[in-house]
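Each remark here refers to the structure printed beneath this line.
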Amino acid sequence: MENQEKQPQETEVEALKRQLGERDQAFAPLKAELEQVKQQLAAKTKTEEQVAALTDALTDATAKYQALLVQSNPEIPADLIKGNTVAEIDAALASAKTIVQKVKESIEAQDKAAPIPAGAPLRQGLDLDSLSPTQKIIEGLKQHDGRK
């Protein structure tokens, strides 16, 4: 009887071992796929880190380029030279140069339109007609005291 009990147990153990082997075979492709996904994720993470580093470097280089343009173009207000990319900064600089040129031309035109006479202005005496009698007396005394 003991032998008969062992036989069903052994058969049951053998069946469980077989099921375990079948399960391992079924999971083998899934394990391989999981490893492949892990590798892809690691590569993606590395790529994202590289993109972030390149973006930071590009931002830094763009800021330095903008500062260099501001320094090399002192006639242009720094507020007019703005942008997030080299192309945007170049476009802003071109626009700013156009604005500065128009302002210069406008100032030159105003200077030409209203010429300033050379030399000192002509001296004119006081307009006695516009003074009150008291003011006329005060002016007369000032002139009389100034001649002595």
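Side notes on the structure shown:
- Rounded tilt (10° steps) of 133-147 against the dominant C-alpha axis of the chain: 80 degrees
- Residue-averaged [θ]222 nm for the chain, counting only DSSP H segments that reach four residues, each worth -39500 (n - 2.57): -28500 deg cm²/dmol
- Given the alternatives (i) 58; (ii) 78; (iii) 34, percent of Cα pairs over 21 Å apart as computed for this entry is given by (ii).
- Annotation note: GluC sites (Glu not before Pro) in the stretch 4-92 located in DSSP loop regions with a Cβ neighbour count of at most 13 within 10 Å are Glu75.
- Cα long-axis angle, helix 2-72 against the chain (0 to 90 degrees, to the nearest 10): 10 degrees
Read the figures in this text as sums done on the coordinates, not as results from a lab. In this text, all values refer to a predicted model and were calculated from it rather than measured experimentally. Please note: Cβ atoms are built from the backbone with ideal geometry, for glycine as well, and neighbour counts cover all protein chains shown.
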